[in-house]
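Some notes on the structure that comes next.
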Amino acid sequence: MADTTFTRMQDATREDYKIIGRHSLEFFTGLPDRILRHLELLDSDTGGYAVTRLTHSLQTATRAERDGRDEEYVVCALLHDIGDTLASANHSELAATILQPFVSEENHWIVQHHGVFQGYYFFHHLGLDRNAREAYRGHPLFGECAAFCARYDQNSFDPGYDTLPLAHFDPIVRKMFAAPKQSIYVNPETGRMGA
């Protein structure tokens, strides 16, 4: 596949962007592989917990699946801490940004805010306000985010739990990341990325 030769975007042509579009679409098809590889990186650190960050993510997703949650919710549970390695100070927001084009507004909000809601279980041990989540009291998804943390997140550090492996979740990760539901790069006329 040929590359473009322009050096400033203002000089590019429609043909140049057709070339770039083909490259972008080819690169985009590898997104599920990159997501899964990044999840595997979480297996190299425990963060001081009794299980690795990957095991925690897998347990969170396993619990959500066993509780009858739909595939999108389960993938959100799997990826909720994917930001731990690159965004230690705001991991929830990074995970939410990765998921946003592919998930409902509700699931996006839960992932984006789970960090402060999870703080209910440990912030007081760090001299922080365990009730910081109360700033969101009255939001329609307050209860859902609190339930995510209570049922799936805060209790998923158990080395003895029958945790499903990453390979189990591979098909639903690939399915969800096959095409965005919304993005500035989705053509409203075709419903596809690019021209």
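The values are calculated or read from the model by the stated rules, or taken from the named source; none is laboratory data. Just so you know, these numbers come straight off a predicted model, no measurement behind them. Methodologically, a virtual Cβ is constructed for each residue, glycine included, from the backbone with ideal geometry; neighbour enumeration extends over all protein chains shown. Remember, those area values only see protein heavy atoms, side chains included, never the ligands or the DNA or RNA. Shrake-Rupley method; radii C 1.70, N 1.55, O 1.52, S 1.80 Å.
Calculated [222 nm] ellipticity per residue, helices only, for the chain: -14000 deg cm²/dmol; basis is -39500 (n - 2.57) per DSSP H run with n ≥ 4, divided by all residues, nearest 500. Pick out, from Val111, Pro140, His168, the residue whose Cα sits farthest towards the positive end of the charge dipole of the chain, with +1 on the Cβ of Lys and Arg and -1 on the Cβ of Asp and Glu. Final value for the positive-end residue is Pro140.
Using the Cβ of Phe177 as centre and a radius below 10 Å, the other residues enclosed give a net charge of +2, where K and R count +1 and D and E count -1. For the chain, leaving out every one of the trypsin sites (Lys or Arg not before Pro) that falls in a DSSP loop and has at most 14 other Cβ atoms within 10 Å, the longest unbroken run is 9-129. Backbone geometry of the range 133-139 corresponds, through the Karplus equation with coefficients 6.51, -1.76 and 1.60 at θ = phi - 60°, to 3J(HN,Hα) couplings of 5, 4, 4, 9, 4, x, 5 Hz, x marking Gly and Pro.
Here is the P(r) of the range 64-163: all C-alpha pair distances, binned every 10 Å from 0, give 16, 48, 33, 4 in whole percents. Between Thr52 and Phe27, the simple label model (points 7 Å from Cα in the Cβ direction) yields a spacing of 2.8 nm.
On the basis of the beta-carbon distance and an R0 of 25 Å, His38 and Tyr161 show a calculated FRET efficiency of 0.65. Solvent exposure of the chain amounts to 56 Å² per residue of accessible area, where only protein heavy atoms count and the probe is 1.4 Å. Remark: the range 90-104, residue by residue, has Karplus-estimated 3J(HN,Hα) of 7, 4, 4, 5, 5, 4, 5, 5, 4, 7, 3, x, 10, 10, 5 Hz, where x stands for each Gly or Pro and the curve is 6.51 cos²θ - 1.76 cosθ + 1.60 at θ = phi - 60°. Split the accessible area of the chain by element, probe 1.4 Å, and carbon with sulfur accounts for 53%. Which net charge results for the neighbourhood of Thr29, defined as the other residues with beta-carbon distances under 14 angstrom from its beta-carbon, given Lys and Arg at +1 and Asp and Glu at -1? Neighbour charge sum, excluding Thr29 itself: +3. For Met193, the residues whose modelled amide H falls within less than 5 Å of its own, excluding neighbours fewer than 5 places apart on the same chain, are Asn187.
Phi angles across the range 19-31 convert, under the Karplus curve 6.51 cos²θ - 1.76 cosθ + 1.60 with θ = phi - 60°, into 3J(HN,Hα) values of 5, 4, x, 5, 4, 4, 5, 5, 5, 4, 4, x, 4 Hz, Gly and Pro given as x.
With the whole protein complex present, Leu25 retains an accessible surface near 80 Å², based on a 1.4 Å probe.
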